[in-house]
1. Would you mind finding the longest exposed-site-free stretch of the chain, with exposed trypsin sites (Lys or Arg not before Pro) meaning DSSP loop and at most 11 other Cβ atoms within 10 Å?
2. Rounded to the nearest 500 deg cm²/dmol, what is the calculated helix-only ellipticity per residue at 222 nm for the chain, with -39500 (n - 2.57) per DSSP H run of length n ≥ 4?
3. Which FRET efficiency value, to the nearest 0.05, do you get for residue 32 and residue 103 by plugging their Cβ-Cβ distance into 1/(1 + (r/R0)^6) with R0 = 41 Å?
4. Pull up the DSSP beta bridges for the chain and report the antiparallel fraction as a percent, rounded to 5.
5. Where does helix 146-159 land angle-wise versus the long Cα axis of the chain, in degrees 0 to 90, nearest 10?
6. Count the net charge of all other residues whose Cβ sits under 13 Å from the Cβ of residue 31, scoring Lys and Arg as +1 and Asp and Glu as -1.
7. What is the angle, in °, between the Cα long axis of helix 112-127 and the longest principal axis of the Cα atoms in the chain? Nearest 10 is fine, range 0 to 90.
8. Among 133/155; 92/133; 60/82; 91/133; 84/131, which pairs are too far apart, with a Cα-Cα distance over 22 Å?
Amino acid sequence: MNRRENIGRRGRRHHDKRPRFEHRVNERIRARSVRVVDASGENLGTMHPKEGVQIAKRDKLDLVEVSPKSNPPVCKIMDYGKWKYERDKKKKKSQETSQSLREVKMRPKIGDHDFDVKARQVERLLNEGDKVKVILRFRGREIVHQDLARELLEKVGSEVSDSGEMVSKPSMQGRTMSCILAPTS
């Protein structure tokens with residue numbers, strides 16, 4: 001099965017709007033003239049893209065279209081593979097360091113031992129650096145005793161007070177009551 005059969009008889013579909021490449025690099029630059037900036041940030045002036053590519057190849061680098069919308073488009077001479085790798089690495093690191101919101105669910109009629117287990121779980125999550133949303137779900141006539149549920153959530157907050165603090169007070173949302181705990185700095 002060759003590539004043509006894969007695309008279909010009408011080529012790429014119009015609804016497929018995503019660009020094929022993130023940045024235009026080297027020979028993919030289609031402008032008649034471009035403003036070229038070298039690796040150190042110095043402006044080399046306006047020239048034809050082929051001249052810019054020759055300068056970049058001489059230094060064993062790539063010519064990358066940085067700002068395609070400007071007139072003329074701005075291209076920078078850089079090591080594109082290295083730049084992409086460092087950008088992805090930085091993006092991944094920022095995702096790792098961000099806090100995530102974890103949930104711990106319990107019921108208003110929870111037993112003493114079960115409550116201790118859930119409190120330890122909340123404390124462990126707070127020590128890992130995550131925010132924790134403690135959710136109490138009401139079933140049937142349990143919803144009448146919201147005051148007991150509020151006391152239970154405040155008890156969880158006081159149990160883990162050395163690891164975290166209550167960011168939002170217990171609040172009702174439909175048939176659930178919840179509060180959010182964040183780790184102390």
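Since every read-out is calculated from the coordinates, none of them should be taken as a lab result. Computed from a predicted model, the values in this text were never measured in an experiment. We place every Cβ from the backbone using ideal geometry, glycine too, and count neighbours over all the protein chains shown.
1. Between exposed loop sites, the widest span is 70-138.
2. -10500 deg cm²/dmol
3. Plugging the Cβ-Cβ distance into 1/(1 + (r/R0)^6) gives 0.15.
4. Expressed as a percentage, antiparallel bridges in the chain total about 70.
5. Computed tilt is about 70 degrees.
6. Working: positive: 24, 28, 30, 32, 35, 50, 69; negative: 27, 51, 65.
Around residue 31, the surrounding residues sum to +4.
7. Its long axis makes an angle of about 30 degrees.
8. Table pairs above 22 Å Cα-Cα are 92/133; 91/133; 84/131.
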